[in-house]
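Data block below; observations after.
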Amino acid sequence: MSAQPAPDREVPRARFRPPSVPQVDVHGFWGSRVDAVADKTADILYERCVEAGMLDQIDPDRPVPELRIPFMSMSPAAAADGKPLFTSGTVTTQMFWDSDLGKTIETAAYSLYRKPNPALEAKIDAVIDMYEKLQQPDGYLSSWYQRMQPGLRWTNLRDCHELYCAGHLIEGAVAYYQATGKRKLLDVMSRYADHIDSMFGPEPEKKKGYCGHEEIELALVKLARVTGNDRYMKLAKYFIDQRGQQPHYFDEEARARGSDPKNFHFKTYDYNQSHKPVREQDKVVGHAVRAMYLYSGMADIATEFGDDTLRVALDRLWDDLNSKSLYVTGGLGPSDKNEGFTSDYDLPNETAYAETCAAVALAFWANRMLGMGPNTRYADVMELALYNGSISGLSLDGSLFFYENPLESRGGHNRWKWHRCPCCPPNVGRMVASIGSYMYGVADGEIAVHLYGDADARLDIGGTEVRLKQQSRYPWDGAVGITVDLDKPTRFVLSLRIPGWCRKASLSVNGEAIDLAAVTADGYARIDREWKAGDTVSLDLELAVERLYAHPEVRPDAGRITLKRGPLVYCLEGIDNTVALNRIKVPGDTPFEARFEPDLLGGVVTLTAEAKDDSVAGWSGTLYRTEPPKSEPVPIKAVPYYAWDNREPGEMLVWLRGG
């Protein structure tokens, strides 16, 4: 018998919620990245949406445009270069344009909070005006189904991203309201959410559907939290509970529109994680971004409703991902065929898909797992995805992007300005610009510090504003200082994460040492005391260079190592090294020197050592011989993976040959 959904009631227990972006000002490492988004990325996203023709589609005062991106469905056949062929079908990325604009609005919102930009704000306000004019009297809002394919709304949730687009517009609306105080789009999207609530639910007269691409669930939770309207929270819970139930909604929907339910490209509901009810799922399958969004929504609902049946399923899925299918960089989804998962331990390096959106979405999931309480097993993975697999998708100056994030390149994989399916640029943009909200979690009488770095936070504990000032050069240095400021003494628990990668740590409050072993639970040091203005916390985390080895079943990494220091995974780039990277061997006793180079890649700690080179001397005109190559010493330099391909194109390698 399958686990049943929890009742529509909240179970009393600590619920940790993230602060809003305006509650945390970041500086240092993340501050420079937020500035890059505010200075460049936000404007670039808007301008490239305009160039693509998105405003022609959403503006009801303009003539209905012609189709700019053809309908397509991925064919099982492949071209000679191994890329999928496309044939006529029912899907076009133009259907998703509302989602791209939603994420662009969200990125702009956080950027406007960071730095005033009147010109950009006026442009976003004009886009919001277009959506307000476009909205139908019953609240429905979709530029595709109102302008391009009128009369077909709510007929193909499996393929056409209708609710997905609504979700991203809702998230954009919440962000714009929180960052600017303007609520026009929030009101528009609340009306749309009311319409969706009138269409979907357990009541006999309502549709029993849910989206083929999960996202609406996360958005409704955010909308419920900012508006206080619990109907939105219950609707999010309904979409979670209904997914995968029988009779299968996508089958019934296909029959209703006169289609064979089996006639779709991926042939299996594993692809969109609707193959089983969510509480019965135990394996991470299908499209990676969809999976991460689903699990994020499940975690939100588990937190809000105290639903342990969801948490049990989430922990099964978490263990499956982290033990069998996660790249060392926090990337995920090895295949371009389904933009997702294949089989256990299938983690190729040079052909890794590892979509930027997937790593961003993993950070979303991990962050939401922390809603059920501080636990370093989730926070460590959130940090891994944030510092490596996600921000690798954005150039240091904020102007160029990666869609795929391989762990090896011969020099031909380089950043691009835009993409036919431009989901990743605004996704990584909004994540970076909102990084402050990932740093903390707040519950009744508790503050958890998940991430470290220079930041000023203003958090609410029982009506008292608690101001926390973090000072740190993290991730380059493990010393963290926190100063507490508040208007009156207040008792609360301050929980500080002790990362799983840290082998030695020390903690003190006002100069008095704290016994970490005595106060640490689930990887967090819990300090329960009455805090006063001027109290100081000092945390020192050892940042040692570590060699990581892959599970023996990960065949591409057999006999290889990768380098990690603190939260950062390292790689070699051809520009820093004098020989072909796959000729390099790193003996097991090789010492590495960590050195901060302020003028390199915006300022990074590099790792240098003397390794071995399989010399090509004497091999001229010879492909095979009975003698092994001679080994010669060679200096090597490694840089953080997130920063690769920010100089001239060249080789890159994460997994190095062991000696």
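The values are calculated or read from the model by the stated rules, or taken from the named source; none is laboratory data. All figures in this text were calculated on a predicted structure; none of them were measured in a lab. Glycine also receives a Cβ, built like all others from the backbone with ideal geometry; neighbour counts cover every protein chain displayed.
Residue count for the stretch 379-421 satisfying the condition of being small (Gly, Ala, Ser) and surrounded by fewer than 18 Cβ atoms within 10 Å (Cβ to Cβ): 3.
Contact map, the stretch 464-492: residues that are under 27 Å from residue 601 (Cα atoms) and touching a residue at least 40 places away in the same chain (Cβ under 8 Å) paired with residues that are surrounded by 15 or more Cβ atoms within 10 Å (Cβ to Cβ) and among the acidic types (Asp, Glu), Cβ distance under 7 Å, separation 6+ or inter-chain. Pairs shown: 472/454; 478/540; 479/540. For beta carbons closer than 9 Å, sequence separation of 6+ or different chains, a first residue in the stretch 154-181 that is polar (S, T, N, Q) and a second that is surrounded by 24 or more Cβ atoms within 10 Å (Cβ to Cβ) and assigned to a loop (DSSP other than H, G, I, E, B), the qualifying pairs are 156/212. Residue 500 satisfies every condition listed in (1) out of contact with any Lys or Arg (no Cβ under 8 Å at 6 or more places or on another chain); (2) part of a loop (DSSP other than H, G, I, E, B); (3) within 19 Å of residue 526 (Cβ to Cβ) except (1).
Checked against (1) out of contact with any helix residue (DSSP H, G or I) (no Cβ under 8 Å at 6 or more places or on another chain); (2) under 30 Å from residue 394 (Cβ atoms); (3) touching a residue at least 60 places away in the same chain (Cβ under 8 Å), residue 609 meets all criteria but (3). Sub-6 Å Cβ pairs linking a first residue in the stretch 526-542 that is assigned by TED's automatic domain parsing to the domain that holds residue 507 to a second residue that is in a strand (DSSP E or B) and basic (Lys, Arg), at least 6 apart or interchain, are 530/491, ordered by first then second residue.
Of the strands (runs of 3 or more DSSP E) lying entirely inside the stretch 547-659, the ones with 2 or more residues being surrounded by 14 or more Cβ atoms within 10 Å (Cβ to Cβ) and over 35 Å from the mean Cα position of the chain (by Cα) are found at 604-614, 631-640.
Taking the stretch 291-406 as the region of interest, the helices (runs of 4 or more DSSP H) fully inside it that hold 2 or more residues being among the acidic types (Asp, Glu) are 308-324, 376-384.
Filtering the stretch 260-268 for residues that are free of Cβ contacts under 8 Å to residues at least 40 places away in the same chain, of a type in the set (Val, Ile, Thr) and under 23 Å from residue 337 (Cβ atoms) leaves a non-empty set. The set of residues from the stretch 210-261 being outside any helix (DSSP H, G or I) and touching a Ser or Thr at 6+ places or on another chain (Cβ under 6 Å) comprises 243, 244, 257.
One line per residue, one yes/no per condition, for (1) among the hydrophobic types (A, V, I, L, M, F, W, C); (2) modelled with pLDDT under 95; (3) assigned to a strand (DSSP E or B); (4) loosely packed, with under 15 Cβ neighbours inside 10 Å:
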position	(1), (2), (3), (4)
508	no, no, yes, yes
518	yes, no, no, yes
528	no, no, yes, yes
533	yes, no, no, yes
538	no, no, yes, no
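Residues being in a helix (DSSP H, G or I) and on the phi < 0 side of the Ramachandran plot are represented in the stretch 439-458 by at least one member. When you look at residue 113, is it in contact (Cβ under 8 Å) with a residue 60 or more places away in the chain and within 26 Å of the chain's Cα centre (by Cα), yes or no? Spelling it out, residue 113 is indeed in contact (Cβ under 8 Å) with a residue 60 or more places away in the chain and within 26 Å of the chain's Cα centre (by Cα).
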